[in-house]
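The values are calculated or read from the model by the stated rules, or taken from the named source; none is laboratory data. Remember, predicted model here, so these are calculated numbers, not experimental data. Heads up, the Cβs are rebuilt from the backbone with ideal geometry, glycines too, and the neighbour counts pull from every protein chain shown.
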Amino acid sequence: METLWFMIVAVMVAAYVVLDGFDLGAGAIYLIAARNSDERRMILRAIGPVWDGNEVWLLAAGGTLYFAFPQLYASSFSGFYLPLMMVLWLLMLRAIGIEFRTQMENPVWQGFFDVVFCVASVLLAIFLGAALGNVIRGVPLGADGYFFEPLWTDWRVGPQPGILDWYTVMAGVIALVTLTAHGTLYVVTKTEAELNQRARRIALIMWPVQALLTVVSLIATYWIKPGVMDNYRQHPIGLLVPLLVVASLAMMLRFTRQGKEKPAFVSSGLYIVGMLVGAAFALYPVVLPASTDPSYSLTIYNSAAGRHGLTVGLTWLCIGVVLALAYFVFIFRMFRGKVRLEGGGY
């Protein structure tokens, strides 16, 4: 049951990154790809019907974490209090940038909220990547299962690291590049004319950077934490995950060059899923490694809720997921196709 809930949380995190990731990526290129107010309205219309719904998966992942692994939830929110508050403010500022921009007629205020939306999207992508980097690298957990991390210390990986060091900053940059490419490919699928061509060029520029950073991140992760390969050695089936990452990267480039918009976007989603599944597979059964003493690490066994609660919760989770999936299928089918500027609202 603990393993099943570990997989459920991993799936919800992956769903959030894939779905809200293209919103963040669209925001990251918002001021670069769109050269005028009409093109910016096109990008907002591309994500407008779905961006707030995509964030449901973040709430679902947090709620599931609280329900299934309460000790992990408590430890994470105590040690990561400052960055979590920063993420919360960035989520609010991003929403404010989108909603207020559509309500303002003054070009000065429109420009102001355009910048708010773009900057918040960029910083959110970096913070989410840095958070994953902290989980992979490990945090200074104590014997009581709690920890405190300053924002930074000496920028080196060690027993008492800060939230930001060279490794977590690298993870943040990788997340930014990956989500920017993902969002760019989504904009390509939803727009036409010059904006479409400009976004396609950005996607082709981002690809070699993304491929290079993927290789660098794998080498850096193995260097600071050689144990990440243990599960792959014990269970060779896990080697299918890096094959998925390599194949999806190759398909992204091929489909983008061929002008196959939707397959390129789907390939980007598969790349994100492959990277996240690879990290989860490497960490299992640990959910929060300790950088101080490995025996202090939180696992699915010492941080999980009671078996009866997990069993009952699984029933309600299935009902909720079915309803959520039905809603997303309905929304994405209703707003499929290219966006237009005719009409009001987004």
### Task
Could you list all residues from the range 100-115 that are touching a residue at least 40 places away in the same chain (Cβ under 8 Å) and either surrounded by fewer than 15 Cβ atoms within 10 Å (Cβ to Cβ) or under 27 Å from the mean Cα position of the chain (by Cα) (or both)?
R101, T102, P107, D114, V115
### Task
State all residues of the range 147-175 that are in contact (Cβ under 8 Å) with a residue 40 or more places away in the chain and farther than 13 Å from G133 by Cα; if no residue qualifies, say none.
F147, F148, E149, L151, G158, P159, Q160
### Query
Residues in the range 20-38 that are in a helix (DSSP H, G or I) and crowded, with 19+ Cβ neighbours inside 10 Å: how many?
11
### Task
Determine which single condition M12 fails, assuming it passes every other condition in (1) in contact (Cβ under 8 Å) with a residue 60 or more places away in the chain; (2) among the hydrophobic types (A, V, I, L, M, F, W, C); (3) surrounded by 17 or more Cβ atoms within 10 Å (Cβ to Cβ).
(1)
### Query
Out of curiosity, is S268 in contact with a Leu (Cβ under 6 Å, 6 or more places away or on another chain) and small (G, A, S)?
yes
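Taking the condition of being in contact with a Phe, Trp or Tyr (Cβ under 7 Å, 6 or more places away or on another chain) and in contact (Cβ under 8 Å) with a residue 40 or more places away in the chain, how many residues in the range 218-255 meet it?
Looking only at that region, the number is 10.
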## Note on the structure
Conditions (1) of a type outside the set (D, E); (2) at pLDDT below 90; (3) under 23 Å from P289 (Cα atoms) -> M104 fails only (3)
### Task
Return the only residue of G138, G145 being farther than 27 Å from G183 by Cα, small (G, A, S), crowded, with 18+ Cβ neighbours inside 10 Å and within 20 Å of the chain's Cα centre (by Cα).
G138
### Message
So if I check each of L84, L58, L90, L65, which one is without any contact (Cβ under 8 Å) to a residue 60 or more places away in the chain, in contact with a helix residue (DSSP H, G or I) (Cβ under 9 Å, 6 or more places away or on another chain) and either closer than 15 Å to C118 by Cβ or in a loop (DSSP other than H, G, I, E, B) (or both)?
### Response
L90
### Task
Just give me the residues in the range 205-257 being of a type in the set (S, T, Y) and over 20 Å from T180 (Cα atoms), in sequence order.
T221, Y222, Y232
